[in-house]
Structures are given as C-alpha cells and as structure tokens.
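The values are calculated or read from the model by the stated rules, or taken from the named source; none is laboratory data. Just so it is clear, the structure is predicted and the values come from calculations on it, not from any experiment. Counting neighbours? That spans all protein chains shown, and the Cβs are built from the backbone with ideal geometry, glycine included. We work out accessible area using only protein heavy atoms, side chains counted, and drop any ligands, DNA or RNA first. Shrake-Rupley method; radii C 1.70, N 1.55, O 1.52, S 1.80 Å.
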Amino acid sequence: MQGFPDGPEIGVVAGFLLKLLRGSLGLTQVELAEELAVDDSTIQGWESGRRPLCALRGSELLRLGRAVAALGAPVSAVSMLPLAVEADELLATCINAGGAPMSTRDNPLGHAVHRRDFVAFATWPFTGVVPSAVRDLPLPKSRGPAADKPQLTAVQRQSFFDQMLVSAEAADERTQLIRRQATYMLGFDTRPSSAIWLADQHRRIAVRALDIRDVPGGIATRSASLALARQGDVEPVRHFIQGTLSESNQLLGALTYWAYWLGEIPETYPNDETMLTSGSPLWSGRRLIEHLMSHLTDAKNAEMNIHSLLGLVMARRDLLESNSALRERIFEVVDRADTPALSRHARTELANLRFAAQLAGR
C-alpha cells in the first residue's frame with residue numbers, strides 16, 4: 001500500500017508457530033508437505049520466514065489452518081496463526097521504517113490497545129518466551145542444532161527498537177497510545193541507550209503532578225515503570241505503586257487495564273481512554289485474580305502484582321467471599337511470595353492480603 005515503509009515482509013513468528021504445530025503432529029517437513037499437497041521447499045520457506053505466511057491471501061491462511069487442525073494439531077493453537085501473522089506485520093512495518101518517522105495512520109502501534117497475547121507473539125523473537133497460548137507445543141525433532149525461537153538478525157532487531165524510540169518521541173497529545181505502547185516495547189531492548197532513555201522518560205513523568213482523574217496518564221506511567229523493571233530497575237514501579245496507585249481512581253483504572261490486557265474484557269478499543277470508560281463495567285476479576293495469584297513471585301513484577309491483587313480483592317470482594325478454595329489459595333501464594341527481597345511496603349501488603357482473606361471467610 002502506498003505510504004507504508006518499503007521493505008521485505010517478515011514471517012518469522014507465524015513461521016515458527018507453524019513449526020511448533022508440525023512438532024505437535026510428529027511430522028517432518030517432507031511428511032507435512034505430502035499431507036498438504038505442497039512442495040517441501042514451501043514448508044521450509046514458511047517455517048523459516050523466507051516465504052512469509054502473511055503473503056498468503058486470507059482465505060489461503062484459513063485453509064492452511066483448517067488442514068493442520070484436521071491432521072490433529074490443537075485447534076486452540078491453530079487459532080493463533082492470524083495473531084502471529086499480525087505480529088509479523090507489526091515487526092515488518094517497524095523494521096522497514098527503522099529510524100524514519102511514520103505517519104499516525106501507518107504506525108501499527110496507534111490503531112488499538114494491545115493485549116497480552118498479541119504482545120507475547122510480537123516480542124517472542126526478543127524474549128525467547130513462548131506465548132502461553134502455544135507453550136505446550138513441542139519443537140519437532142531435528143538432526144542438528146535448531147533455533148528455539150523466531151529469529152531476527154541483529155540489524156532487524158536494532159531497526160525495530162530504533163522505530164520504537166522514534167515513535168515514542170514523535171508522539172503528541174493526540175497520539176498518546178503510540179507513545180505508551182512504544183515505551184512498553186522499548187523495555188525489551190537490551191541496549192544501554194534504551195535503558196537511559198526509559199529512565200529519563202520516567203523521571204519526566206514522575207516530576208509531573210498527575211491529576212487523579214487522568215487515568216490514561218496513569219496507564220502510561222505504569223507502562224514506563226514496567227519497562228524499566230524489565231531493565232532491572234524496580235524503583236520506578238515502587239514509586240508508581242506508592243504514588244499514583246494510592247489513588248482509588250488510578251487503581252481501578254489499572255485493574256481495568258489488567259482485565260483488558262488478559263482478555264477478560266472482550267471488546268477491542270482504539271485508545272486507553274475509551275477502553276477505561278467503556279470496559280470498566282465489563283469485567284468480573286475472575287481471570288485477573290487467577291493470573292495475579294500465579295505471578296506473585298515474578299522477579300521483576302512481584303510488587304506490582306501484589307499491589308494489584310490486594311486492590312482487586314478489595315474492589316471485587318465477592319471473589320473471595322463466594323469461594324473458600326480461592327481463599328485457601330490466597331494464603332498459600334502469599335506465604336510463597338513473602339521473601340526478604342521485597343520492600344517493606346510490599347510485605348505489608350501481603351499481610352493485608354492475608355487479613356482480607358480471613359475477613360472474607362467470616
């Protein structure tokens with residue numbers, strides 16, 4: 001399309017997912033090619049990304065998914081193929097743009113609030129963390145060394161994060177979503193220059209007095225804090241918890257964003273403000289409480305998760321009052337999470353979580 005950055009398509013994410021789907025079937029590339037009635041070089045090209053799946057027509061991608069599912073691949077994992085193709089499209093657009101500015105229309109960070117599943121696929125080549133939706137799929141057997149994640153070149157990785165920096169710095173008040181989502185992505189960049197930029201960005205946000213009614217601003221501060229936590233600096237998260245999230249409006253906004261991030265809110269929204277306004281009444285907290293309880297010991301996110309869990313059980317009291325098994329699990333996960341590495345504030349919040357669970361059982 002005219003106006004989009006020129007350059008090659010990228011298909012490493014969807015291709016690697018197809019490779020895992022083949023692994024779940026226990027087939028070689030030649031055997032899968034025979035089943036699909038294509039040349040084995042086609043399978044090789046799809047899996048390596050040299051022949052990107054995003055180059056297929058929509059109907060062709062659907063037929064490929066149906067055929068792989070019919071062979072016995074898990075339908076839930078097959079259903080992730082379009083999301084993986086979308087992740088490849090984001091990577092290709094940003095890598096091809098590199099350090100050059102993109103228009104708001106062309107920037108893939110600005111059309112919708114991202115969810116965890118999509119970001120997990122888009123950052124897979126950088127983190128090596130398999131998205132939870134396809135985590136149980138095995139790698140196919142190989143005669144020699146094989147990559148265990150989608151592969152980007154060093155130049156491609158640098159170009160992607162160069163674009164994240166350009167996008168974040170070029171955004172204005174009308175394009176806050178681009179800035180926030182680019183800032184979040186920069187947390188996955190291992191270059192010292194990005195860590196310095198993130199720290200400076202957080203300092204500029206931290207010195208500004210945040211209006212408690214500016215909940216989208218709180219979400220932006222949250223993203224910057226978590227990006228720095230991935231770089232190993234947890235102090236901004238602690239500052240955010242004890243400052244911004246001490247306000248009830250900001251805490252409820254953060255919980256709504258959590259629920260959206262995890263898919264508990266079904267609608268997709270074009271910006272944070274609409275998501276927070278329209279999505280607020282649509283979530284119960286059941287999926288969110290399960291997620292938070294299972295992540296209280298995350299090395300870099302524990303204190304944010306502890307605070308969020310405490311806020312959740314206070315905001316949705318029926319979650320614990322109606323479920324004795326859930327109350328017992330709260331006691332178990334709190335005991336595991338309570339370590340000397342936590343701040344005094346976080347350990348106090350764990351004690352408050354125990355007390356809340358005790359009260360809910362009376």
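Hey, any idea what % of the chain's accessible area is carbon plus sulfur with a 1.4 Å probe? Kindly include the intermediate steps, with their values, before the conclusion.
Numbers: 8880 of 17260 Å².
Its accessible area is 51 percent carbon and sulfur atoms.
Indicate the gyration tensor shape class of the range 268-362 (rounded, prolate or oblate), computed on the Cα atoms with a ≥ b ≥ c the square roots of the eigenvalues: a/c under 1.5 is rounded; otherwise a/b larger than b/c is prolate and the rest oblate. Spell out each step's value before the answer.
On the way: a/c = 2.26, a/b = 1.34, b/c = 1.68.
The shape class here is oblate.
Using Cα pairs closer than 8 Å and at least 6 residues apart in sequence, work out the relative contact order for the range 221-362, in percent.
The normalised contact order for the range 221-362 reaches 20 percent.
Please say if the range 1-86 is rounded, prolate or oblate, where rounded means a/c under 1.5 for a ≥ b ≥ c the square roots of the C-alpha gyration tensor eigenvalues, and otherwise the choice is prolate for a/b larger than b/c and oblate otherwise?
prolate
Could you rank the peptides 158-167, 124-133, 231-240 by their average count of other C-beta atoms within 10 Å per residue, with the highest value first?
Top to bottom by mean Cβ count within 10 Å: 158-167, 231-240, 124-133.
How much accessible area does Asp40 have with a 1.4 Å probe, in Å² rounded to the nearest 10?
60
Can you give the helix-only mean residue ellipticity at 222 nm for the chain, where every DSSP H stretch with n ≥ 4 adds -39500 (n - 2.57) and the sum goes over all residues, rounded to the nearest 500 deg cm²/dmol?
Here the helix-only value at 222 nm equals -18500 deg cm²/dmol.
Based on the alpha-carbon gyration tensor of the range 157-199 and its eigenvalue square roots a ≥ b ≥ c, which shape applies: rounded if a/c is under 1.5, prolate if not and a/b is larger than b/c, or oblate? Mind dumping the intermediate values first?
Working: a/c = 2.19, a/b = 1.74, b/c = 1.26.
The shape class here is prolate.
For the range 1-153, place one equal point scatterer on every Cα, skip the solvent, and apply the Debye formula. What is log10 of I(q)/I(0) at q = 0.12, 0.21 Å⁻¹?
Per q value, in the given order, log10 I(q)/I(0) is -0.50, -1.43.
Give the relative contact order (percent, whole number) for the range 303-362; include only Cα pairs under 8 Å separated by 6+ residues.
Relative contact order here is 50 percent.
Just by accessible area at a 1.4 angstrom probe, what is the order of Arg116, Arg105, Arg180 from largest to smallest?
Ranking Arg116, Arg105, Arg180 by accessible area, largest first, yields Arg105, Arg116, Arg180.
Need one value: the accessible area of Arg204 in square angstrom, 1.4 angstrom probe, rounded to the nearest 10.
130
In square nanometres, what is one fourth of the surface area of the convex hull spanned by the alpha carbons of the chain?
The Cα convex hull of the chain, projected and averaged over all directions, gives 19.5 nm².
If one takes the longest principal axis of the Cα atoms in the chain, at what angle in degrees, from 0 to 90 and to the nearest 10, does the Cα axis of helix 154-170 lie?
Roughly 50 degrees between the two axes.
R0 = 56 Å: FRET efficiency of Glu247 with Ala100, Cβ-based, nearest 0.05?
Once the sixth-power term is evaluated, E becomes 0.90.
Mean separation of Cα pairs under 8 Å and 6+ residues apart, divided by the residue count of the range 74-193: what relative contact order is that in percent?
On the way: 114 pairs, mean separation 39.2, N = 120.
In percent, rounded to a whole number, it is 33.
What is the magnitude of the charge dipole of the chain about its Cα centre, with +1 placed on the Cβ of each Lys and Arg, -1 on the Cβ of each Asp and Glu, and no other charges, expressed in debye to the nearest 20?
660
Just how much of Met102 is accessible, in Å², when a 1.4 Å probe is used and the result is rounded to the nearest 10?
Here the accessible area works out near 40 Å².
Test of understanding: in a Gaussian network model of the chain with alpha carbons linked when under 10 Å, which of Val215, Val12, Val155 would top the mean-square fluctuation ranking?
It is Val155.
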